[in-house]
Amino acid sequence: MLELIRCARAVVGGEERRDFAFVVSDGGIADVGDFAAMRARHPQTETRSFPPDRIVVPGFVNGHSHAYQILLRGRADDLSFERWRNNALYRVIPQLEPEDVYWVFVTAFSEMLAAGITTVAEFFYLNGAGNAHAEAAIRAAAVTGIRLVFARTWMDAPGAPEAFRETVAQAEERTRALRAAFPNANICIAPHSLHGASEEMLRAAAAFAREERCDLHIHVAEAESEVELSRERYGDAPVVALDRLGVLDERTVAIHALHLTEEEEEVLADRRVRVVRCPSTNLYLGDGITGLSALLRRGVVVGLGTDANVKPSLLDEVRLAAYLEKGTRRDGAAFKAATALALGTSEGARALNLRAGELAPGMLADFLVLGAGGIDPWSPPVNALVYRGERAWIQAAFVGGRRVYTGELSPLAREAESELARIARRCV
Ligand SMILES: [Zn+2]
């Protein structure tokens, strides 16, 4: 069905447009332009209009999330990375049954939609007992309506919980089975990291991604301890080591890529690796601060992710990315609001190999409707969103042209919240 969406105000290509319209067809954007021209070009098409005090913007793209980590909120704060991982993450998450995963993910995905996140790349590592947990997570995305990129983790590090670990053969076989069971889902693979996956597993994952033509997500250089481990185990810095193992090419999405040498930045650019940065998690876990400009200058595509989901908000990630860049370079002119917003929308979509994050022909019809009441009338909406944007401004979210958030939590999301409280009490 065709639908003409009329927007009194919209953000297009990082700038405001007045009386703008676009045609939604089969979940995608087929045509865009001024409303009068669009009305003339598509005379039979039904029109949906938003009131003049609303602004339509592209939906946010969350390039990296572990949804179940919402269970750690408030009880794993203020720990070192090692203690957070070993004493909280490794203790709580393995207790989840598939049914728990479903409710935890419905809660997390509902929160994300309310925060304007229309796509999430979920890096999912509860695969030790088979695919039942992964299937529950994929069902949760479908029922909430969020667009899901499912990065199915491969992990075999001896130190990790059994609930996360698989042999290479199990990971291959189960990933194939999952892709076959959900042919319409976007399922790629995610060998955990240099410390979470063995050399054999990393090489097998790279071969699998080539053979199956799917993306490969991997944590890279998140903490300085990983750099040390890489030098000890492989004799090189993480990016150089991964390159030698054949892991890096245009299918690779490097998560974090925080502690890099200039040589490593160059390798990422040469291999056309995409990067997802997670500023709030890197700060929360004390993993470090590094600038983005060097990667962007080299032409690397960079998106943003909410990772540990202490507060799943791309508005926060976008703002932090801009502030950190200005602060580390000691230059308020170092980063523009429109560049920051693009990291959370159009560039984030490119990082996931999706045609989304822009109100342009050929893109997925994923967009938000904002109440303009909180935006100063003299302020460009992009600047307002990046520097002052609030979740409360988001009045509706559409995925593939379908309204999936209406400004308040759905009955399902409320049910999930009470289930979550029960699960949290049990998993101590
Ligand atoms: Zn992560």
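The values are calculated or read from the model by the stated rules, or taken from the named source; none is laboratory data. This one's a predicted model, so the numbers in the text were calculated from it and none came from an experiment. Quick reminder, even Gly has a Cβ in these numbers, built from the backbone with ideal geometry, and neighbours come from all protein chains shown. Just the protein is used for accessible areas: all its heavy atoms, side chains included, with ligands, DNA and RNA removed. Shrake-Rupley method; radii C 1.70, N 1.55, O 1.52, S 1.80 Å.
When you check ALA169 against the structure, is it farther than 18 Å from LEU245 by Cα, open to solvent by 40 Å² or more (accessible area, probe 1.4 Å) and of a type outside the set (D, E, K, R), yes or no? For ALA169, the condition - farther than 18 Å from LEU245 by Cα, open to solvent by 40 Å² or more (accessible area, probe 1.4 Å) and of a type outside the set (D, E, K, R) - is met. Listed by first and then second residue, the pairs linking a residue in region 49-78 that is open to solvent by less than 10 Å² (accessible area, probe 1.4 Å) to a residue that is of a type in the set (Lys, Arg) and more than 13 Å from the ligand (Cβ to nearest atom), with Cβ atoms under 6 Å apart and 6 or more places separating them unless they lie on different chains, are ILE55/ARG9.
Residue-level analysis places GLU135 among those that are within 30 Å of ILE394 (Cα to Cα) and surrounded by fewer than 21 Cβ atoms within 10 Å (Cβ to Cβ). Of all residues in region 1-20, those that are farther than 17 Å from ILE394 by Cβ and at pLDDT below 95 have Cβ atoms under 8 Å from Cβ atoms of residues that are in a strand (DSSP E or B) and among the hydrophobic types (A, V, I, L, M, F, W, C), 6 or more apart or on another chain, in LEU2/VAL23; LEU2/VAL24; LEU2/ALA30. Out of curiosity, is VAL267 away from the ligand (no atom under 15 Å from the Cβ) and modelled with pLDDT of 95 or more? Considered against the rule, which asks whether it is away from the ligand (no atom under 15 Å from the Cβ) and modelled with pLDDT of 95 or more, VAL267 comes out as yes. On the stretch given as region 105-125, residues that are within 16 Å of the ligand (Cβ to nearest atom) and in a helix (DSSP H, G or I) total 3. Using the structure shown, decide if GLU228 is open to solvent by 40 Å² or more (accessible area, probe 1.4 Å), away from the ligand (no atom under 16 Å from the Cβ), closer than 21 Å to ARG85 by Cα and modelled with pLDDT of 95 or more. Considered against the rule, which asks whether it is open to solvent by 40 Å² or more (accessible area, probe 1.4 Å), away from the ligand (no atom under 16 Å from the Cβ), closer than 21 Å to ARG85 by Cα and modelled with pLDDT of 95 or more, GLU228 comes out as yes.
One line per residue, one yes/no per condition, for (1) open to solvent by 10 Å² or more (accessible area, probe 1.4 Å); (2) aliphatic (A, V, I, L, M):
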site	(1), (2)
VAL92	no, yes
ASP100	no, no
VAL106	no, yes
PHE109	no, no
ILE117	no, yes
PHE123	no, no
ALA140	no, yes
THR144	yes, no
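For (1) closer than 20 Å to GLY348 by Cβ; (2) without any contact (Cβ under 8 Å) to a residue 60 or more places away in the chain, each residue gets a yes or a no:
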| site | (1), (2) |
| --- | --- |
| GLU224 | no, no |
| ARG233 | no, yes |
| LEU242 | no, yes |
| VAL253 | yes, no |
| CYS278 | yes, no |
| SER293 | yes, yes |
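Residue count for region 320-370 satisfying the condition of being farther than 14 Å from VAL57 by Cβ, touching a helix residue (DSSP H, G or I) at 6+ places or on another chain (Cβ under 6 Å) and not aliphatic (A, V, I, L, M): 2.
Looking only at region 95-111, which residues are more than 11 Å from HIS133 (Cα to Cα) and under 23 Å from the mean Cα position of the chain (by Cα)?
Residues of region 95-111 that are more than 11 Å from HIS133 (Cα to Cα), as a first pass: 95, 103-104, 106-111.
Of everything in region 95-111, those that are more than 11 Å from HIS133 (Cα to Cα) and under 23 Å from the mean Cα position of the chain (by Cα) turn out to be TRP103, VAL104, VAL106, THR107, ALA108, PHE109, SER110, GLU111.
When you check ALA181 against the structure, is it surrounded by fewer than 20 Cβ atoms within 10 Å (Cβ to Cβ), among the hydrophobic types (A, V, I, L, M, F, W, C) and in contact with a strand residue (DSSP E or B) (Cβ under 8 Å, 6 or more places away or on another chain), yes or no?
Numbers: surrounded by fewer than 20 Cβ atoms within 10 Å (Cβ to Cβ): yes; among the hydrophobic types (A, V, I, L, M, F, W, C): yes; in contact with a strand residue (DSSP E or B) (Cβ under 8 Å, 6 or more places away or on another chain): no.
It is false that ALA181 is surrounded by fewer than 20 Cβ atoms within 10 Å (Cβ to Cβ), among the hydrophobic types (A, V, I, L, M, F, W, C) and in contact with a strand residue (DSSP E or B) (Cβ under 8 Å, 6 or more places away or on another chain).
ARG251: more than 16 Å from the ligand (Cβ to nearest atom) and surrounded by fewer than 22 Cβ atoms within 10 Å (Cβ to Cβ), yes or no?
Values: more than 16 Å from the ligand (Cβ to nearest atom): yes; surrounded by fewer than 22 Cβ atoms within 10 Å (Cβ to Cβ): no.
Spelling it out, it is not the case that ARG251 is more than 16 Å from the ligand (Cβ to nearest atom) and surrounded by fewer than 22 Cβ atoms within 10 Å (Cβ to Cβ).
Counting only helices (runs of 4 or more DSSP H) that sit completely within region 179-256, those holding 3 or more residues that are under 17 Å from GLU166 (Cα atoms) correspond to 199-212.
Between ARG85, ARG91, the distinction of being within 16 Å of the ligand (Cβ to nearest atom), free of Cβ contacts under 8 Å to residues at least 12 places away in the same chain and not aromatic (Phe, Trp, Tyr) belongs to ARG85 only.
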